[in-house]
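A.B. asks: Sharing a structure here in structure tokens format.
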Amino acid sequence: MDCLYSSILTSSFLLDAFAAININLSLHTIRIILPLGISFYTFRTISYLLDIDRGKIKPCKDWVVFFSYVSFFPSLISGPIDRAGLLVPQFEKKREFNYEQAVDGFRQILWGLFKKLVVADNCATVTNEVFGNFEALPASSLMLGLFFYTIQIYADFSGYSDMAIGFARLIGFNITKNFDFPFFSQNIAEFWQRWHISLTSWLTDYVFTPLSIQFRDLGNRGLILAIMINFLIIGIWHGANWTFVLFGLLHGAYYIPLILRGKIFKKKKSLKGKLVPSFTEFRNMVGVFLMAMVGFVIFRADNISDAFSFYGKLVSTSLFSLPVVTNKSGAIITMLFIIVLFIVEWLGKSNEYAIGDIGKRFSKPVRWGIYYLLIITIFFFAASGKEFIYFQF
């Protein structure tokens, strides 16, 4: 997330802009060191000031409380982006240890570790192999690598969020939920209501809503313009590279059919408590997943040329051949973990996080059996040495 600043100064985006006016710079010329988590300091401070200006909150009179809010360490590096209205009152009240909340925090940390170390990091093994040599591989391998990358980035980022939220609960704080099972969405608008919630809600409140009001006389054209600006910011937030710009614009374009059909503000359909989705619901979920996969090609590529080369390789008869990967058994085991992830998240989709209700649903021996199973799985199947993807943004 610090890439919002550093990559603006060091990426091809800015270098190309200078080159257009005959000013040639290198990365080493303009690279600087920035504070850790600066994007979150910025977003929290901006929302704090705007909420005061709008009368939503009162100014904080205690500087210790204010700086504790701005620099709250569990979510400092990769979110969630908390608002002052939620977090400041928790700093101002007396802290008391809550056993149930602490247990819930440990449980969510454990689930986050499983998602990151077992699912995401094992997916990364296949993903890195495929994207690192995609020109020499059949389309089926590219499709497998793209599928694994889509799962990887979700399990990696939501796993970190689970750990951050769990640790905050462990020390007595409730912070913003950041993921709400996005791959169970019925359309792309719902997907973005469930993916990186703290960022998208922040942009909705402080960017999209003011713009849509400003452009309301333009009708659907104004709404489309507001959406495109909003997603352009989302793209650049990830890094000032043309790939991220295109990623944002693509997702903005995904909204256009919804806007024209009047479905952008349609309330998301709740699938909570539903054991088996209908055919239409399942079809919609698959469609959203495929749209996300298409976007993540650009997100993962080093440059736009590589992204379009990847797309070109996907559209070939080799798509129907067997995928070629170095470690086939590892890929199969990883696929089994992905299936487990989807099953557990589907069964737990009514909760704050997938295993959030096992304290109520199961007896103590069964609960501890689940905990030990997760710990053993993490111990034996964790893929080490891979940092969080979103640490670079």
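A.B. asks: With the requirement that a residue be in a helix (DSSP H, G or I) and over 24 Å from Asp156 (Cβ atoms), what does segment 39-65 give you?
C.D. replies: Scanning segment 39-65 gives Thr45, Ile46, Ser47, Tyr48, Leu49, Leu50, Asp51, Ile52, Asp53, Trp63, Val64, Val65.
A.B. asks: Looking at the structure I just gave you, is Gly312 modelled with pLDDT under 95 and assigned to a helix (DSSP H, G or I)?
C.D. replies: yes
A.B. asks: Any residue in segment 300-314 that is buried (at least 18 other Cβ atoms within 10 Å of the Cβ), among the charged types (D, E, K, R) and within 21 Å of Asp121 (Cβ to Cβ)?
C.D. replies: yes
A.B. asks: Could I ask something else about it? Would you please list the contacts, defined by Cβ atoms under 8 Å and residues six or more apart or on different chains, that run from a residue in segment 367-381 that is closer than 15 Å to Leu341 by Cα to a residue that is modelled with pLDDT of 90 or more and surrounded by fewer than 16 Cβ atoms within 10 Å (Cβ to Cβ)?
C.D. replies: Going by the 8 Å Cβ cut-off, the qualifying pairs are Phe381/Ile333.
A.B. asks: Among the numbered criteria (1) farther than 18 Å from Ile338 by Cβ; (2) not assigned by TED's automatic domain parsing to the domain that holds Arg300, which single criterion is violated by Trp195?
C.D. replies: (1)
A.B. asks: Among the residues in segment 282-302, are any farther than 23 Å from Gln193 by Cβ and either outside any helix (DSSP H, G or I) or in contact with a Cys (Cβ under 7 Å, 6 or more places away or on another chain) (or both)?
C.D. replies: yes
A.B. asks: Checking Ser68 against (1) in contact (Cβ under 8 Å) with a residue 60 or more places away in the chain; (2) farther than 21 Å from Phe157 by Cβ; (3) hydroxyl-bearing (Ser, Thr, Tyr), which single condition isn't satisfied?
C.D. replies: Every condition holds for Ser68 apart from (1).
A.B. asks: Now for a different question. Go through segment 93-109 and count every residue that is touching a Phe, Trp or Tyr at 6+ places or on another chain (Cβ under 6 Å) and not in a helix (DSSP H, G or I).
C.D. replies: Going through segment 93-109 one residue at a time, the tally reaches 0.
A.B. asks: If you don't mind, there's one more thing I want to ask. Give the residues of segment 224-273 that are among the β-branched types (Val, Ile, Thr) and either at positive phi or in a helix (DSSP H, G or I) (or both), sorted by residue number.
C.D. replies: Across segment 224-273, the qualifying residues are Ile224, Ile227, Ile229, Ile233, Ile234, Ile236, Thr243, Val245, Ile256, Ile259.
A.B. asks: What is the residue count in segment 97-124 for residues that are touching a helix residue (DSSP H, G or I) at 6+ places or on another chain (Cβ under 7 Å) and within 16 Å of Met335 (Cβ to Cβ)?
C.D. replies: The total comes to 8.
A.B. asks: Please go through segment 318-346 and give me each residue that is in contact (Cβ under 8 Å) with a residue 24 or more places away in the chain, assigned to a helix (DSSP H, G or I) and more than 21 Å from the chain's Cα centre (by Cα), ordered by number.
C.D. replies: Hits for segment 318-346 are Ser318, Leu319, Phe320, Gly330, Ala331, Ile333.
A.B. asks: Is segment 20-43 home to any residue that is modelled with pLDDT of 85 or more, of a type in the set (A, V, I, L, M, F, W, C) and surrounded by 13 or more Cβ atoms within 10 Å (Cβ to Cβ)?
C.D. replies: Yes, there is a match, as at least one residue in segment 20-43 is modelled with pLDDT of 85 or more, of a type in the set (A, V, I, L, M, F, W, C) and surrounded by 13 or more Cβ atoms within 10 Å (Cβ to Cβ).
A.B. asks: Take Pro257 and tell me if it is under 20 Å from Leu290 (Cα atoms), surrounded by fewer than 16 Cβ atoms within 10 Å (Cβ to Cβ) and either among the polar types (S, T, N, Q) or out of contact with any Leu (no Cβ under 6 Å at 6 or more places or on another chain) (or both).
C.D. replies: So Pro257 fits the description; yes.
A.B. asks: If you check Phe72, Phe97, which single one turns out to be under 25 Å from the mean Cα position of the chain (by Cα) and closer than 15 Å to Ala168 by Cα?
C.D. replies: Sole residue among the options that is under 25 Å from the mean Cα position of the chain (by Cα) and closer than 15 Å to Ala168 by Cα: Phe72.
One line per residue, one yes/no per condition, for (1) more than 30 Å from Leu271 (Cβ to Cβ); (2) modelled with pLDDT of 95 or more; (3) surrounded by fewer than 11 Cβ atoms within 10 Å (Cβ to Cβ):
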{"site": "Thr317", "(1), (2), (3)": "yes, no, yes"}
{"site": "Phe320", "(1), (2), (3)": "yes, no, yes"}
{"site": "Pro323", "(1), (2), (3)": "yes, no, no"}
{"site": "Gly330", "(1), (2), (3)": "yes, no, no"}
{"site": "Lys349", "(1), (2), (3)": "no, no, no"}
{"site": "Gly359", "(1), (2), (3)": "no, no, no"}
{"site": "Phe380", "(1), (2), (3)": "yes, no, yes"}
{"site": "Lys386", "(1), (2), (3)": "yes, no, no"}
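The values are calculated or read from the model by the stated rules, or taken from the named source; none is laboratory data. A quick note: this is a predicted structure, and the numbers were derived from the prediction, not measured. When we count neighbours, we look across all protein chains shown, and the Cβ atoms used for this are built from the backbone with ideal geometry, even at glycine.
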